[in-house]
């Protein structure tokens, strides 16, 4: 009797350890590298702020070290049309703010809460926080709206900040009301970005510019401060930042990232923002989004220019910045791809300056990658997966579009990075490669747990590692390439099969603008006649012009579901 060789096929587990990755000792050593490489090159360029904005805070033309004039060639544009600060200017401005904070007892490891928009002030306070070793916490200014009062109070109580920064007096008034009767330090340092015209001398609020008028640190004090920043990892468990999840899967959860975790992200992601593409890296994300801090620090690590716009992920702003400022690096979410394509229609060569397009933040499809490759013909298009709970677990190993493997319409997120470990788990054990399961990730950037200890079951320790159960449907192929196919909770139990939610959304993205008959035929081909659709419902029937998105530009599936349920209550059940 013969036995098939397939009976002895070895079990190849869907688990990979990426190996050890040496990491620089602190976040400051990363950005100081950019300061030393390009002291008179521009560190930031804020396209929506005037050149004179905060001019009193920076030294024009030269700093007290590394003299010389700003290198306007670094951004290849006429100077003076928008705010632009060199590395030397930014560094010395940060030292002035640090002196003001220290004088008012804002010590290392205390928490500085920012409710401010994208702009030069965010970059200034980010650099200051690195130098001073305070924990930076960023929230969306929408929390200052009246209807968010209870949520704002809850977050203030949980965060317990020592410093609070808002845009203007309106935000200051909201914070004062929210702080009433909360069991917090009564001597919180409260700062506005704008001047407080007509405010009383004894006002509890002060402007950022007035804070900079504090006597400067002495040379020895400055060196002591910078030396401590260089060796920040001596306390590797210090919390570097606290950001909140987008809330796509429920209530936003606070994610305290350790200093060692942020250093790991910068080291692990050095393939993404590099010397070839960092010249002008467009940063559109709001400061409360993890990508804003990470991309800004990555760009500074390479001595590049962070180019900022003021309206979040906005297709029109993106195309304008690319055309006007010769942007070399852009970030897209899948939901932005079609709007950007519309903006670039008929503008041949407008995006030729772009060298890298990063796409991520939600499930990426074959169609989205194809469109990006067409829109940015001189760019490498890469998928970058990131989580607020920990980044830097994957690298993108594909240099040519034809080398990318797909799972149906779904793109992979890449291969396992050095320093990280990834596994795909079934109910009781790691599954085989090629099988679906829950994605579990371990790397130095994984947070110890959510703020306040909520959802503690999402984390566990095993074999000396901290693991995060992502709640994502994952798959690892035989080559070790990893796919994320949707959320476990969104799995659809069909008549004859289980469908991951990412698949239908991928099809919807590819079939945008197609007729109902085309979509129905595709479903029959993919899933069989037993899963044929009874019909197709269009967004306009749900009262929607386009798929709604949240602050991170992910499709707000809960909003779609709510609109769908409301529609079904008024329409025949056969639909």
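The values are calculated or read from the model by the stated rules, or taken from the named source; none is laboratory data. The model shown is predicted, which means the values in this text are computed figures rather than measured ones. Methodologically, a virtual Cβ is constructed for each residue, glycine included, from the backbone with ideal geometry; neighbour enumeration extends over all protein chains shown.
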Every listed condition ((1) at pLDDT 95 or above; (2) surrounded by fewer than 23 Cβ atoms within 10 Å (Cβ to Cβ); (3) out of contact with any strand residue (DSSP E or B) (no Cβ under 7 Å at 6 or more places or on another chain)) holds for residue 348 save (1)
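Modelled with pLDDT under 95 and over 27 Å from residue 138 (Cα atoms): is that true of residue 502 in this structure? Break it down stepwise before answering.
On the way: modelled with pLDDT under 95: yes; over 27 Å from residue 138 (Cα atoms): yes.
When the stated conditions are applied, residue 502 passes them.
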Of (1) touching a strand residue (DSSP E or B) at 6+ places or on another chain (Cβ under 7 Å); (2) assigned to a helix (DSSP H, G or I); (3) over 14 Å from residue 94 (Cα atoms), residue 112 satisfies all except one. Which? (2)
Note down all Cβ pairs under 9 Å where the first residue falls in segment 470-483 and is at positive phi, the second is surrounded by 14 or more Cβ atoms within 10 Å (Cβ to Cβ) and in a strand (DSSP E or B), and they're at least six residues apart or on different chains. 471/438; 471/439; 471/487; 480/16; 480/415; 480/416; 480/422
Of the residues in segment 115-152, those that are surrounded by 22 or more Cβ atoms within 10 Å (Cβ to Cβ), out of contact with any helix residue (DSSP H, G or I) (no Cβ under 8 Å at 6 or more places or on another chain) and assigned to a helix (DSSP H, G or I) come to 120, 129
I'd like the residue in segment 321-345 that is assigned to a loop (DSSP other than H, G, I, E, B) and touching a strand residue (DSSP E or B) at 6+ places or on another chain (Cβ under 8 Å) and, out of all such residues, is nearest to residue 546 (Cα to Cα). 333
Taking the stated definitions as given, is residue 229 closer than 25 Å to residue 291 by Cα and assigned to a loop (DSSP other than H, G, I, E, B)? no
Out of all the residues in segment 29-41, is one or more surrounded by 15 or more Cβ atoms within 10 Å (Cβ to Cβ), closer than 27 Å to residue 207 by Cβ and modelled with pLDDT of 95 or more? yes
Please indicate, with yes or no, whether at least one residue in segment 186-207 is surrounded by fewer than 21 Cβ atoms within 10 Å (Cβ to Cβ), at pLDDT 95 or above and out of contact with any strand residue (DSSP E or B) (no Cβ under 8 Å at 6 or more places or on another chain). no
Please verify whether residue 16 is farther than 25 Å from residue 130 by Cα, at pLDDT 95 or above and outside any loop (DSSP other than H, G, I, E, B), treating the condition exactly as stated. yes
With the requirement that a residue be modelled with pLDDT of 95 or more and either part of a loop (DSSP other than H, G, I, E, B) or touching a helix residue (DSSP H, G or I) at 6+ places or on another chain (Cβ under 9 Å) (or both), what does segment 452-470 give you? 468, 469, 470
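Which of the strands (runs of 3 or more DSSP E) contained wholly in segment 357-425 include at least 2 residues that are within 18 Å of the chain's Cα centre (by Cα) and modelled with pLDDT of 95 or more?
In segment 357-425, 380-383, 412-416 are the strands (runs of 3 or more DSSP E) which contain 2 or more residues that are within 18 Å of the chain's Cα centre (by Cα) and modelled with pLDDT of 95 or more.
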Answer yes or no as to whether residue 174 is farther than 18 Å from residue 254 by Cα, in a strand (DSSP E or B) and touching a residue at least 24 places away in the same chain (Cβ under 8 Å). no
Residue check for residue 350: touching a helix residue (DSSP H, G or I) at 6+ places or on another chain (Cβ under 7 Å), in contact (Cβ under 8 Å) with a residue 12 or more places away in the chain, assigned to a loop (DSSP other than H, G, I, E, B) and under 30 Å from residue 326 (Cβ atoms): yes
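Would you call residue 263 out of contact with any strand residue (DSSP E or B) (no Cβ under 9 Å at 6 or more places or on another chain), assigned to a helix (DSSP H, G or I), in contact (Cβ under 8 Å) with a residue 12 or more places away in the chain and within 21 Å of residue 393 (Cα to Cα)?
It is false that residue 263 is out of contact with any strand residue (DSSP E or B) (no Cβ under 9 Å at 6 or more places or on another chain), assigned to a helix (DSSP H, G or I), in contact (Cβ under 8 Å) with a residue 12 or more places away in the chain and within 21 Å of residue 393 (Cα to Cα).
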Could you please give the count of residues in segment 360-385 that are in contact with a helix residue (DSSP H, G or I) (Cβ under 6 Å, 6 or more places away or on another chain) and closer than 27 Å to residue 450 by Cβ? 3
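When you scan segment 267-293, how many residues do you find that are part of a helix (DSSP H, G or I) and either in contact with a strand residue (DSSP E or B) (Cβ under 9 Å, 6 or more places away or on another chain) or surrounded by 24 or more Cβ atoms within 10 Å (Cβ to Cβ) (or both)?
Result for segment 267-293: 7.
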Given (1) under 24 Å from residue 237 (Cα atoms); (2) surrounded by fewer than 23 Cβ atoms within 10 Å (Cβ to Cβ); (3) without any contact (Cβ under 8 Å) to a residue 60 or more places away in the chain; (4) under 22 Å from the mean Cα position of the chain (by Cα), index of the condition residue 160 fails: (4)
Is it the case that segment 453-461 has a residue that's in contact (Cβ under 8 Å) with a residue 12 or more places away in the chain and buried (at least 21 other Cβ atoms within 10 Å of the Cβ)? no
Taking segment 321-332 on its own, how many of its residues are surrounded by fewer than 21 Cβ atoms within 10 Å (Cβ to Cβ) and either under 19 Å from residue 374 (Cβ atoms) or without any contact (Cβ under 8 Å) to a residue 24 or more places away in the chain (or both)? 1
Would you pick out the residues in segment 512-555 that are within 20 Å of residue 409 (Cβ to Cβ), part of a loop (DSSP other than H, G, I, E, B) and modelled with pLDDT under 75? 512, 513, 514, 515, 553, 554
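Going by the conditions given, is residue 296 closer than 29 Å to residue 109 by Cβ, under 13 Å from the mean Cα position of the chain (by Cα) and buried (at least 24 other Cβ atoms within 10 Å of the Cβ)?
Values: closer than 29 Å to residue 109 by Cβ: yes; under 13 Å from the mean Cα position of the chain (by Cα): yes; buried (at least 24 other Cβ atoms within 10 Å of the Cβ): yes.
Criteria met by residue 296.
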